[in-house]
Amino acid sequence: MREPRKRRQIEREFGVPFAGEILDPSQWTQTALKKLPATGPLNLAELFGRTVPLIVDLGCGNGRFLLQSAVWRPQYDHLGIDIKPVVIRYATRRGNQRGLTNLRFAVLDGERLLGEYLPGGSAAEIHCYHPQPYYDSRQVHRRLLTPAFLALVHRTLVPGGSFFVQTDNLGYWKYIREIVPFFFDFHERIGKWPDAPKGRTRREILALKYGLPIYRGSGTAKLNLDAESMHRLAETLPPPRFDADRRLRQLDAEE
């Protein structure tokens, strides 16, 4: 007699499924990067056991986007970071349960990752979804997407590599549209990402639930910029000073 087929264990959040299915514990992996090198960059070939293009998610949250990409694009390795240990715990658990070997998560901020741990030309894609706008004027200096940081993103990408960015904050988006094109051949995306029409991230799903506009764009690293010229360029551009929409604080709290 044929054994009954096991039901696939699909995890959902706000009714939207996560990519991949939860496997038997015997097939789980370890996706947490708990120990970083004391000095010098990450050895990516040693970390993943192979040499293939790398996709990086800055502020990955609970890992929804990277899980999807790691499941659907096994020919890439994936590295996600966030400064909040609690969301990285959720992300690593999900990566482990899906038996993914091409995925790692770490508690780390974007500046340290790109400045200390990823060498130049090491990433094929860098994604940054819903960077924190910081509403308090005393914390404006913590905003991530400064000209100097965008220069770091450019340096970390392979020549012509891709940068993806998304926000629901109009003030941040206006700044992004002004500054990012200095470093990338940048295009605003009209409409949702085709691979995830219900949202690539938890934040996007919540924003769409509340009927908020989402601003999306991507670009390829300009080929005529070297380190010295990018440094000079970054010094001439304004920092991200804008009036963040405080109405979005309620969404921040729910997220």
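The values are calculated or read from the model by the stated rules, or taken from the named source; none is laboratory data. Treat the numbers as computed from the prediction; the structure is a model and nothing was measured. A quick note on method: Cβ atoms are made from the backbone with ideal geometry, for glycine too, and the neighbour counts reach across all protein chains shown.
Some values worked out for this structure:
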| quantity | calculated |
| --- | --- |
| Leu248, sole failed condition from (1) part of a helix (DSSP H, G or I); (2) touching a residue at least 40 places away in the same chain (Cβ under 8 Å); (3) in contact with a helix residue (DSSP H, G or I) (Cβ under 7 Å, 6 or more places away or on another chain); (4) of a type in the set (A, V, I, L, M) | (3) |
| Selection from the stretch 67-76 of residues that are assigned to a helix (DSSP H, G or I), within 15 Å of the chain's Cα centre (by Cα) and free of Cβ contacts under 8 Å to residues at least 60 places away in the same chain | Leu67, Ser69, Ala70 |
| Hits in the stretch 156-173 - residues which are outside any strand (DSSP E or B) and either farther than 14 Å from Leu212 by Cβ or among the aliphatic types (A, V, I, L, M) (or both) | Thr156, Leu170 |
| Filtered residues of the stretch 37-72 (kept if over 21 Å from His154 (Cα atoms) and loosely packed, with under 15 Cβ neighbours inside 10 Å) | Pro37, Ala38, Thr39, Ala45, Glu46, Leu47, Gly49, Arg50, Trp72 |
| Hits in the stretch 122-144 - residues which are closer than 21 Å to Cys60 by Cβ and hydroxyl-bearing (Ser, Thr, Tyr) | Ser122, Tyr129, Tyr134 |
| The stretch 167-180 residues that are farther than 15 Å from Glu204 by Cα and among the β-branched types (Val, Ile, Thr), paired with ones that are in a helix (DSSP H, G or I) and modelled with pLDDT of 95 or more (beta carbon under 7 Å, 6 or more apart) | Ile179/Pro147; Ile179/Leu150; Val180/Leu150 |
| Unmet criterion (only one of (1) loosely packed, with under 15 Cβ neighbours inside 10 Å; (2) under 17 Å from the mean Cα position of the chain (by Cα)) for Ser218 | (1) |
| Filter result for the condition that a residue is surrounded by 15 or more Cβ atoms within 10 Å (Cβ to Cβ), within 15 Å of the chain's Cα centre (by Cα), under 20 Å from Gly49 (Cα atoms) and among the hydrophobic types (A, V, I, L, M, F, W, C), over Ala106, Ala91 | Ala106 |
| Test: residue in the stretch 106-117 that is out of contact with any helix residue (DSSP H, G or I) (no Cβ under 9 Å at 6 or more places or on another chain) and over 24 Å from Thr31 (Cβ atoms) | no |
| Per-region count, the stretch 199-214, residues on the phi > 0 side of the Ramachandran plot and surrounded by fewer than 22 Cβ atoms within 10 Å (Cβ to Cβ) | 1 |
| Complete set of residues in the stretch 123-150 that are touching a residue at least 40 places away in the same chain (Cβ under 8 Å), crowded, with 20+ Cβ neighbours inside 10 Å and of a type in the set (Phe, Trp, Tyr) | Tyr129 |
| Qualifying residue in the stretch 214-234 (condition: touching a residue at least 60 places away in the same chain (Cβ under 8 Å) and closer than 30 Å to Arg12 by Cβ) | no |
| Scope the stretch 226-243; condition in contact with a Lys or Arg (Cβ under 9 Å, 6 or more places away or on another chain) and assigned to a loop (DSSP other than H, G, I, E, B); matching residues | Pro239, Pro240, Arg241, Phe242 |
| Thr101 more than 16 Å from Glu11 (Cα to Cα), of a type in the set (Ser, Thr, Tyr) and modelled with pLDDT of 95 or more | yes |
| Residue that is modelled with the highest pLDDT, among those in the stretch 224-244 that are surrounded by fewer than 16 Cβ atoms within 10 Å (Cβ to Cβ) and under 23 Å from the mean Cα position of the chain (by Cα) | Pro239 |
| All positions within the stretch 9-62 that are of a type in the set (Lys, Arg) and in a loop (DSSP other than H, G, I, E, B) | Lys34, Lys35, Arg50 |
